[in-house]
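Here the structure is laid out as structure tokens; the discussion comes afterwards.
Nothing in this text is a laboratory measurement; each read-out follows from the coordinates by a stated rule. All values reported here derive from a predicted model rather than from experimental measurement. Backbone-built Cβ (ideal geometry, glycine too); neighbour counts: all protein chains shown.
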Amino acid sequence: MVFHTLTRVPQNFKEGVDWLIALKGTDPKSTMRDLGVAIHRLLAFYPVGPTMLPTLEPIKRISQEFLEQPELKEQPFVKILLERFNKPLSRTPGKPIEHFTHSTEADYQNVVQTKGVTSRDVVSNVTQFVYGFEKFLETIKNPDSYNSAYSSKATWDRSCAENPKGCAVILVGIAPMLYAGVRSLLNASKGACELPAPNAEERLGEVLRALGYAEPECRTEVGVLNVHIALDDFNNHLLTVLYDLAGYWAFY
């Protein structure tokens, strides 16, 4: 099914990527600016919580159900993320979290405020990961068969311009899903430049299907090396950006 509005919340990683690319549209400089400003206003406003945001809660449940898939939930970092949906997040400053190599300061402080993050910073960061997702999609999709979940009618101007906060809330809500999807793919393609595990290709296929990608929309020849290269933009900085985007300090 194809959707004609960006107010329809993505249900999995694939739809999340489609949503971001549809939102980027034909005037990315303008839409990324407006989205980044809306996200900055949203995240900068809320103090260390937890805070119940009614419009966010159903979107969080979608991310939770995505993470609970058998192909994903046994990964140690996913187990930690799932705990956040089930019990209040520990807000102990400086407490190291195993299985996370990047900063998790957003667990216990509003990093937008404490790090002096500006709306311009958010715009730049959002732009980087949107283009990173677009690069990934161009690598794995079969252009003759791929169907986006969002039509050309699903644009920022039609769906978000009158209520930018609404679309910002959607992105904040699906951030754990996007983050977990990227990390799952990185884990599945780990060692691609060295000697892949005997079942590496099989595991990658499982992850791609769990994320929403399947043949014929996905290239049959996609392998661990292709995915590894396609995700090379997602360094620790961008992983931290995706992680922080969920607003853990406020909403979990």
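Out of residues 5 or more away from THR51 or on other chains, whose amide H comes under 5 Å of its own, with H placed 1.01 Å from N in the peptide plane?
Result for THR51 returns PHE251, TYR252.
Under a 5 Å amide H to amide H cut-off, with H placed in plane at 1.01 Å, what residues pair with LYS141 once short-range neighbours are removed?
ARG219
Using a Gaussian network model on the chain with a 10 Å cutoff between Cα atoms, which of GLY116, GLY223, GLY16 fluctuates the most?
Comparing GLY116, GLY223, GLY16 in a Gaussian network model of the chain, the most mobile one is GLY116.
What's log10 of I(q)/I(0) for segment 150-252 at q = 0.15 Å⁻¹, Debye sum over Cα points only, no solvent?
-0.78
Return the long-range amide H neighbours of TYR150 (sequence gap of 5 or more, or a different chain), with a cut-off of under 5 Å between placed amide H atoms.
PHE3
Given the DSSP H assignment, sum -39500 (n - 2.57) over each helix run of at least 4 residues in the chain and divide by its residue total; what's the result at 222 nm in deg cm²/dmol, nearest 500?
Taking each H run of at least 4 residues, the total per residue is -17500 deg cm²/dmol.
Can you give me the C-alpha center-to-center distance between segment 211-252 and segment 127-141, rounded to a whole angstrom?
9
Counting GluC sites (Glu not before Pro) as exposed when in a DSSP loop with at most 16 other beta carbons within 10 Å, what is the longest stretch of the chain free of them?
1-67
Can you return the lysines within cross-link range of LYS135? Criterion is Cα-Cα under 20 Å, with same-chain partners fewer than 8 residues away left out.
Qualifying lysines at Cα under 20 Å: LYS14, LYS24, LYS29, LYS190.
Above 24 angstrom, tally the Cα pairs of the chain and express them as a % of all pairs, no decimals.
Details: 14084 of 31626 pairs.
Looking at the chain, the distances longer than 24 Å represent 45 percent of pairs.
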